[in-house]
1. Helix-only mean residue ellipticity at 222 nm, the chain, DSSP H runs n ≥ 4 weighted -39,500 (n - 2.57), per residue, nearest 500. What is it?
2. Work out how far the C-alpha atoms of segment 66-127 reach from end to end along every principal axis, then list the three figures in whole Å, largest first.
3. Label point 7 Å out from residue 400 along Cα-to-Cβ: which residues of segment 452-486 have amide N under 11 Å?
4. Treating only the Cβ atoms of Lys and Arg (+1) and Asp and Glu (-1) as charged, compute the dipole magnitude of segment 340-439 about its Cα centre; round to the nearest 20 debye.
5. Given a cut-off of under 8 Å on Cα pairs at least six residues apart, what relative contact order in percent is computed for the chain?
6. Would you pull out the residues with amide H under 5 Å of residue 172's amide H, same chain only if 5 or more places away, H placed 1.01 Å from N?
7. 5 Å is the cut-off here: which amide hydrogens, built 1.01 Å from N in the peptide plane, fall below it relative to residue 516, excluding neighbours closer than 5 in sequence?
8. Let a ≥ b ≥ c be the square roots of the eigenvalues of the Cα gyration tensor of segment 148-212; is it rounded (a/c under 1.5), or, if not, prolate (a/b larger than b/c) or oblate?
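A short reminder: the numbers here are calculations on the coordinates, not readings from a lab. Note that this is a predicted model, so its numbers are computed, not measured. Neighbour counts run over all protein chains shown; Cβ positions are idealised from the backbone, glycine included.
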Amino acid sequence: MASTKYIFITGGVTSSLGKGIISASLGKLLQARGFSVSIQKIDPYLNIDPGTLNPYEHGECYVTTDGAETDLDLGHYERFLGVPTSQANNVTTGQIYQTVINKERKGDYLGKTVQIIPHITNEIKTRIKLLAKKNKLDFVITEIGGTVGDIESLPYIEAVRQLKWELGKHNSLVLHLTLVPYLSAAQELKTKPTQHSVKLLLENGVQPDIIVLRTERSLTKEIKQKVSLFCNIEIDSVIEAIDASSIYEVPLKMQSEKLDETVLKKFDLPIGESPDLKPWKEFLHKLNNPIDTVNIAAVGKYVELQDAYKSINDSFIHAGAHNQVKAKIKWIHSEKINPENVEKLLKDFDAILVAPGFGHRGIEGKILTVKYARENKIPFFGICLGMQCAVIEFARNVLNLKDAHSSEMHRTTPFPVIDLMENQKSITAMGGTMRLGAYPCSIKKKTNAHNAYKKTQITERHRHRYEFNDEYLEKFTEAGMFPTGINPDTNLVEIMEIKDHPWFVGVQFHPEYSSTVLKPHPLFVDFIKAALEQKKLRTKK
Ligand code: GLN
């Protein structure tokens, strides 16, 4: 395409309407028509990135291959589109202000008063256009976080207004997502909140081009007409987004509502053939028609908030569908696990996963979980802190290194089997200072890891400070826990496995970040297979 088309997604009425899923679904439909698409998330908070946020605040922190700690919506974008995102795909108010203030200190604006308009809005516009410039894209979809009317969103809405004007109507459009609530007492769907939210946008000079209405119930023609009339929108551009059983159904729902066609028409682009969604539909078919079920216990400490383990839960959905198996995940709070109840809590599961995490809280429950999985030969998957717990458990209970620990949890442990690398020891700042992003790993043959990946060279994404302490490597290997994945450049241990166990794999990296709908992660696929085997064994018994 001659020039990049820009789509801005704003939200009104309430948060949590699923702007990320609508963005990803529209992206998918355009991609399935042969266009190149990238999706960007703008977060109106002052943190530079969500890396320093507690998962309870904002859900999982998603990590890109280039090592950016980003909003979890980028995970949706990658899982739907199957193309990697990067730092440029996540912009925060913190980053914008930091750049502008740094420029001011350097003297770039010498003599000028530095203001929200034009300096902040210019920086926002630059960041939006940068994505297209870097990747030569047909479409850039920019999701503006927050809800219209928030103080924090104002500079972004203003930047959208300016961009819309500068780019012209055949190169840019605004899609506004709102809620049409159903009032059960009145037995009616209500459009007034949508009207108000569009008024707010109009006050800021922005006329939406498409309105997507999130709703629990089917919208009547009258409802759509009302929105059309009060919001100055053609009726064809009023789109229903009814609640779906799975986020992965949304692209198909949007296709049947002709969202993609409406977008193409607005840009004066030919409608052409309908998008090729065959592989996506095959995935959905397998997802909706499982031939077996496995029960998996997942042990973590942010279990109260579903979003805290978003990528892990979704990886199980992809890998489950690939195996045509439903992986039922039960999240268990590690703080609630103790020596008395561990068996009762875990005995009915076909496999056990220990999740990533930070800090001391709940650590002993995770270590007990590993012990139970190891001794009872239940398939075990440890991710990042989960792998570190496996190492600690082995050190304590097999190598008899009493009080072995990670120096993260116990600074003065006599046996720091998990420890900081020398180059990490002098770092005191918390933001962006971990081992982040993609690193290579060489895999040993005839191991569970190799069986899963079926290759010896991989790259995986990391987000941690602490590492397996090489000083103990010999002791571990002699006793039967051995490295099956090694970083070829630094020799750091990336994967640990155990002999004489059906499936025991601890990984220092985060495989969950790279699982997508059409390319489920091999380790999750293989872990589910191991769970199926375990289930067969259990039913035989
Ligand atoms: N807290 C551990 C570390 O920093 C593990 C981090 C994680 O699980 N992502 O090394």
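1. Result for the chain, helices only: -11000 deg cm²/dmol.
2. 47, 21, 15 Å, listed from the longest principal axis down.
3. none
4. Numbers: 12 positive and 11 negative charges, 18 e Å.
For this selection, approximately 80 debye.
5. Numbers: 1085 pairs, mean separation 81.8, N = 541.
Value for the chain: 15 percent.
6. HN-HN under 5 Å from residue 172: 6.
7. 521
8. Values: a/c = 3.52, a/b = 2.04, b/c = 1.72.
It is prolate, given that a/c is not under 1.5 and a/b is the larger ratio.
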